[in-house]
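The structure under discussion appears below in the form of C-alpha cells.
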Amino acid sequence: SSLTTMQPASTRAPWAHEPSAVPPAVQGLLLAEARRAAATASSGPLTKRIHDQRSLTRWKHSQAHQSIISFISQLGDAVVGRRLSEPCDERPILASILAEFEAMSEWVDQIPPIQQSMRYGNKAFKTWHERLVERA
C-alpha cells in the first residue's frame, strides 16, 4: 500500500505497521489456539505457574506468550485505517467469545466488591472466579 493511505504516525497504534487485509493466519488462529489450549488442559488440571519474577520472565519468553502477542498485533494491524462505523463480518467464534466477555462483565455488576481491607485483594473476586470455572 502507498504511503498516502497510511494514517499519520501520531494516530496509529505503536505496534501497527502498514494497513493490510486480515492476514489468513488471524482467521484460523482463534480456533487453532483454542484446540491447542483444550489439548493442553486435558492433560491435567490448570494450575498457577507464575509465582515470582523468574517465572514471569520465563512466561514472557515462552512460545505461548509470543503467540498471544503476535495474535494481538495481527488484530491491531488488521484494523488500522478502519472506522468503528464500518460494517464487518462477525465470525461465529468471535460472537461466542464476545458473548463470554459480556457475561463476565455482567458478573462484575452481580458480584460487587466486599468492603474489607485490601491487603490481598477483594474476596469477591474468588466468587467471580468460581463462576468462571463453573462456566468453563
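The values are calculated or read from the model by the stated rules, or taken from the named source; none is laboratory data. Here the structure is a predicted model, which means the values were calculated and not measured. The accessibility values were calculated without ligands, DNA or RNA, using every heavy atom of the protein model including side chains. Shrake-Rupley method; radii C 1.70, N 1.55, O 1.52, S 1.80 Å.
Observations, loosely collected:
- Residue list for the range 113-136, filter: of a type outside the set (Asp, Glu), under 24 Å from THR47 (Cα atoms) and either assigned to a helix (DSSP H, G or I) or open to solvent by less than 60 Å² (accessible area, probe 1.4 Å) (or both): GLY121, ASN122, ALA124, PHE125, LYS126, THR127, TRP128, HIS129, ARG131, LEU132, VAL133, ARG135
- Some residue of the range 105-112 being within 19 Å of the chain's Cα centre (by Cα) and open to solvent by less than 80 Å² (accessible area, probe 1.4 Å): yes
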